[in-house]
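J.: Can you keep this structure in mind? I'll have questions shortly.
Taken together, the values in this text are just the output of simple stated rules run on the coordinates, not laboratory data. Just so we're clear, the structure is a prediction, and the values are computed from it rather than from any experiment. As a convention, Cβ positions derive from the backbone with ideal geometry for all residues, glycine included, and neighbour counts pool all protein chains shown.
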Amino acid sequence: MDFYASGAPLIREGAGEVPAAPATEDDEVVTFIKELLDTRIRPSVQDDGGDISFIAFDAKTGLVTVRLQGACSTCSSSKVTLKQGVENMLMHYVPEVTEVIALEDETEDPNDPVARAQRKFVEEMTGAGGGEAGAPAPPAAAAAPA
């Protein structure tokens, strides 16, 4: 009650302000990489049932790390797409980029609906997971003469 009666301001001046981060060349490069991924690369990848997301950019080495998700995470041609498509485009527009690699997703989110559907499809096709969905059907038994 003493504070309320004192008439002091409830919030100090400048208490809610967030200091602006200093602008650096790396910030601009990362912003441009993300913009290219979002506007030019991601739509094409999504057309094929996958997705790509930016993970990191190492300014010292020029290495861009991305994560391929959905159909792209298991696609056999994803490495070709990554090198010939994504890497070439980023290197063309962003001279600081020297290489693009995909992060191996060993800790897959079990709640990801795309990953769940993919696992189910792979299990059905290969017969993995205890089911025989991928196994060929046994030949029909010949009917016994009546």
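J.: Given labels modelled 7 Å from the Cα in the Cβ direction, how far is it in nm from F54 to S76?
T.: 3.3 nm
J.: I'd like the trypsin sites (Lys or Arg not before Pro) in the stretch 36-92 restricted to DSSP loop residues with at most 11 other Cβ atoms within 10 Å, sorted by number.
T.: Those satisfying the criteria are K60.
J.: Same structure, new question: Please find the FRET efficiency linking D38 to A8, where r is the Cβ-Cβ separation and R0 is fixed at 30 Å, and quote it to the nearest 0.05. Can you show the working numbers first?
T.: Numbers: r = 47 Å, r/R0 = 1.57.
Once rounded, the FRET efficiency stands at 0.05.
J.: What distance in nm lies between label points placed 7 Å from Cα along the C-beta direction at R67 and T31?
T.: Once both label points are built, they end up 2.5 nm from each other.
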